[in-house]
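The values are calculated or read from the model by the stated rules, or taken from the named source; none is laboratory data. No experiment lies behind these values; they were computed from the predicted model shown. Neighbour counts run over all protein chains shown; Cβ positions are idealised from the backbone, glycine included. All accessible areas refer to the heavy atoms of the entire protein, side chains included, with ligands and DNA or RNA removed. Shrake-Rupley method; radii C 1.70, N 1.55, O 1.52, S 1.80 Å.
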Amino acid sequence: MACSAVRSPVLRSPTVRHYAAAAAAQCSNVAAPEFQVLSSNKVTVAALDNNSPIAQVSIVFRAGSRNETYDTQGTAHHIRIAAGLTTCRSSYFGITRNIQQLGGNLIATTDRESIAYTLQITRNNLGKALTFLEDVATQQAFKPWEISDQLPRLRYELSMIPETTRIMELLHKAAFRTGLGYSLYSPKRQLGKINTETLQHFVNTWFTGPKCAVVTTGVTLSDATQFASNLKIGSKDNTVEAAKYHGGELRKERSSELSTVAIALEAAGLNKEKDALAYAVLQRAIGSGPRVKWGSNVTPLHKAVSGTTSPDQFALSAFNASYSDSGLFGFVSSSVPNVAGSVIKAATEYLRSPKLSDADITRGKTMLKAEILYATDNETVLLENMGQQAILKGRAFKPSDLVAEVDKVTASEVKSVAGNLANGKLSMAAIGNLSNVPYVDELK
């Protein structure tokens, strides 16, 4: 069994390599996902029967760190860590041993808006293993002694968070404060304070039918529907507080040889589909890093900053994070401390007023389409994208349909959302040697 703090759906921030021509040639051969909402328990079902020898079944709940309160911060992290522990029907040893014996893999993943329990196993053993997936996702017991036994693992995870992840957690905190601002990781002060009652209350409140999706690959819709209809979960549809963007600044001074800084403005959420797609294109148009391993960065954003200092003294990439009702658009930079000020000021100036040609926007659209099509070749990423679509949008898209929507994005729409960045309120996070890093009120 394994668990991960976050995955990367296509419109959020993918990190895969891209081969547009090869992927496009296969687009027409990709099977279309089937979709259904059950009347019995309101669970959403999305199935893609692609004849794969490996079946994947994911139970996704629309409940992540944004569903926490100030006093229960870290609950989603604890729940992810607790995946596979003793349930109401199966022991910790029984779950682990049986899935291993069947040759399966059970993974728990979380992000700010969802938590997913995914079973990967050969199709001939799927029926035997589904019981344990159901137990792990819907029959949690949260034994106090087992929860306390996970504290060393929690501390280890907190000590191993990469700098690039820490900077994004700080940025979300500065931007949203609460809700989407709550971290994917438990605050250290909460270790040992999240008890069985807190975990069970969170599950009972948010792990309900209207907030649940069963997403599968290598499984027929009828089989997926039969499994989903038997899930024993509540029927109440609780609402989460709407995201509110504030903007602001958080800084953490450390003894470091680098200055790592992230700056963002509010962007469109997935509830505004056209704008969200336009921001996704804009990210790739201005520059989301080299597209070839060990390749040089020749994007417009990088060129705008290269005039201020030597290119080998900094690294820079645009990012775009789209959530259900809000988003962030900006850049992350890492540089030697003595050039941090000039890099940040030049990059922020470009972010406020991106200079893009139609060729840049066409390139950005091509990159986004390539990522969508490439995802169809990776069944794990395909399942994750289907899960996000089902739980956040209430439907599942064919890759070719997504590509068609990207094609509809015009240069004027991309330039329009870019223009919205000019007067937005900045959010900033900084970690490391901050001797030359400007404060947010010093940036235009």
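Within segment 302-334, restricting attention to residues that are within 16 Å of Leu421 (Cβ to Cβ) and outside any strand (DSSP E or B), which residue is modelled with the highest pLDDT?
Per the criteria, the residue is Ser326.
Among the residues of segment 322-341 satisfying the criterion of being open to solvent by less than 10 Å² (accessible area, probe 1.4 Å) and among the polar types (S, T, N, Q), which is nearest to the chain's Cα centre (by Cα)?
Per the stated criteria, the residue is Ser322.
Only one residue in Lys232, Lys252, Lys244, Lys188 is over 30 Å from Leu426 (Cα atoms) and among the basic types (Lys, Arg). Which one?
Lys232
Filtering segment 171-194 down to residues that are among the aliphatic types (A, V, I, L, M) and outside any helix (DSSP H, G or I), which residue is nearest to Ile263 (Cα to Cα)?
First, pick out the residues of segment 171-194 that are among the aliphatic types (A, V, I, L, M): 171, 174-175, 180, 184, 191, 194.
Going one step further and asking which of them are outside any helix (DSSP H, G or I), we end up with 184, 191, 194.
Numbers: Leu184: 19, Leu191: 30, Ile194: 32 Å.
For segment 171-194, the residue satisfying everything is Leu184.
Can you name the residue in segment 199-215 that is in contact with a helix residue (DSSP H, G or I) (Cβ under 6 Å, 6 or more places away or on another chain) and open to solvent by 10 Å² or more (accessible area, probe 1.4 Å) and is also nearest to Ile115 (Cα to Cα) among such residues?
Trp206
Taking the criterion of being in contact with a helix residue (DSSP H, G or I) (Cβ under 7 Å, 6 or more places away or on another chain), crowded, with 22+ Cβ neighbours inside 10 Å, assigned to a helix (DSSP H, G or I) and not polar (S, T, N, Q), would at least one residue in segment 383-394 satisfy it?
no
Considering each residue of segment 247-264, count those that are crowded, with 17+ Cβ neighbours inside 10 Å, more than 18 Å from the chain's Cα centre (by Cα) and either under 27 Å from Thr362 (Cβ atoms) or acidic (Asp, Glu) (or both), and give that number.
Within segment 247-264, residues that are crowded, with 17+ Cβ neighbours inside 10 Å, more than 18 Å from the chain's Cα centre (by Cα) and either under 27 Å from Thr362 (Cβ atoms) or acidic (Asp, Glu) (or both) number 2.
Within segment 194-204, is even one residue modelled with pLDDT of 95 or more and farther than 26 Å from Glu68 by Cβ?
no
Just to be sure before I move on: is Leu421 touching a Leu at 6+ places or on another chain (Cβ under 9 Å), open to solvent by less than 10 Å² (accessible area, probe 1.4 Å) and not basic (Lys, Arg) in the structure I sent?
In short, yes.
Look at Glu405 and say whether it is among the charged types (D, E, K, R), assigned to a helix (DSSP H, G or I), touching a helix residue (DSSP H, G or I) at 6+ places or on another chain (Cβ under 9 Å) and open to solvent by 30 Å² or more (accessible area, probe 1.4 Å).
yes
If only one of Leu301, Leu351 is open to solvent by less than 40 Å² (accessible area, probe 1.4 Å), under 19 Å from Glu442 (Cβ atoms) and not β-branched (Val, Ile, Thr), which one is it?
Only one candidate passes the filter, namely Leu351.
Please enumerate the residues belonging to segment 354-375 that are open to solvent by less than 30 Å² (accessible area, probe 1.4 Å) and within 30 Å of Ile54 (Cα to Cα).
Leu368, Ala370, Glu371, Ile372, Leu373, Ala375, listed by residue number.
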